[in-house]
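Asks: Just dropping this structure here.
Every number here is computed from the coordinates shown, using simple stated rules; none is lab data. Just so we're clear, the structure is a prediction, and the values are computed from it rather than from any experiment. Methodologically, a virtual Cβ is constructed for each residue, glycine included, from the backbone with ideal geometry; neighbour enumeration extends over all protein chains shown.
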Amino acid sequence: MKVVLGVALALLGFFCPFGALGLNVPRSSVGTAAWRPLAPEASSSSAPMSPGSPPEWRKAVAEFARGGSLGGGVDVALLAYFFFWYLGNYYYNITNKLALKASGGSSGFPMTIASLQLAVGVVYALFAWVAPDMRTPPSITPSDVVSMLPVAFCSMMAHCASVFALSAGAVSFGQIVKAAEPAFAAVLSTFVYGRSISKAKWLCLIPVIGGVVLASVKELDFAVSALVSASAANLFAAFKGNENKKLMDTAGLKDRLGSVGNQFAVTGILSFLMSLPLLIALEGKKWSSFVDTLTSTPAVLNNLLLSGAYFYAYNELATMTIKKTNAITQSVANTAKRAIIIIGVGIVLKEDLPMQKIIGSLICIAGVFLYSTIDTLIK
């Protein structure tokens, strides 16, 4: 029930007029939109209630205003995590694509943009550690940092490959291919890490791969590079998941990190540092051209900063959400997120969404959901 409400809130945030929520966000100016909070009289938790309001309703509203549970034990904090996770992911995909398009697409500066997006997260992480009473810095050792390098490297490569994919093709197409990540995870887990998966899960990979093929068949002449890059992102994301499992088995590491936020912050800082050699190797000669584009094209600067902020925020919120839910809820949430991003971003960016592409994406997403839940369903 919680994940359903979370998805509903996310959909409300995507497709309903933001004026109804007290926000002024013009759809045509993503990246330069001015966010305006609710007026005090509209957002106050002490708004007058009608004399006939039942006492139970008053108590429920008061509890909701304090951030607690709302009727029937609904976790308001968890709903907020879902809402802002989905919203951040949605706007990251939009602002990232706008920054890439404004800077020349795949022939522009995708590696530079990917690296600087990570840099935005580094600035926030460092600020959170030095700001009074915001976040206690981790007490990790040099050996802890070394043990985190594989996860950070895979995280960096997955992010950069995703940015390359989205620079080369439509956001919806990149997301469809990225939805096939379980196929890569299954192969790696079995043949590299020696973790066996059930026959039922192997069978669930048929609709996953078939759906990607169906959705891609008319775009291959246009988005071969997007297909390759998104597949590389899947590969590194699968490595990251397996390496992260190994990392969390390190004795005392969780205590030394102190929080989920610190874990993501340290990984983000290491990922950014590792991205710099790639930036120099691939686009170092174009740095002066990038600076000229950045200073002369406000859409690049605005959307670069916003996409970096959205990327860091939604990933940290996703981690917090996963920590508070079970495996089935996570599967439903990730499946719903893919569907929302593919359809929602495709509509906003006016991407081509033929019926064959939609059917293929739905088949792929359904396969991903089955893959994630099949072992529990057949018990």
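Asks: Enter the Cα centre distance for the pair region 124-159 and region 251-288, rounded to the nearest angstrom.
Replies: Their Cα centres are 7 Å away from one another.
Asks: Any chance you could run the full-extension gain for Thr136 through Lys324? It's 0.36 nm times the residue separation minus the Cα-Cα distance, nm to one decimal.
Replies: Details: separation 188, 0.36 × 188 = 67.68 nm, distance 2.11 nm.
Computed gain between Thr136 and Lys324 is 65.6 nm.
Asks: On to the next question. Using 1/(1 + (r/R0)^6) with R0 = 35 angstrom and r between the beta carbons of Thr250 and Leu349, what's the FRET efficiency to the nearest 0.05? Display every interim value, and only then the final one.
Replies: On the way: r = 42 Å, r/R0 = 1.19.
In this case the efficiency is close to 0.25.
Asks: Here's a follow-up. Which whole-number percent gives the relative contact order of region 104-177, counting Cα pairs below 8 Å spaced six or more residues apart?
Replies: The value is 52 percent.
Asks: For the pair Asp292 and Ser147, what calculated FRET efficiency results from E = 1/(1 + (r/R0)^6), where r is the Cβ-Cβ distance and R0 = 51 Å, to the nearest 0.05?
Replies: On the way: r = 41 Å, r/R0 = 0.80.
According to the calculation, E is roughly 0.80.
Asks: If the cut-off is 22 Å between C-alpha atoms, which lysines fall inside it for Lys240, apart from same-chain ones fewer than 8 positions away?
Replies: Lys178, Lys201, Lys254, Lys323, Lys324, Lys337
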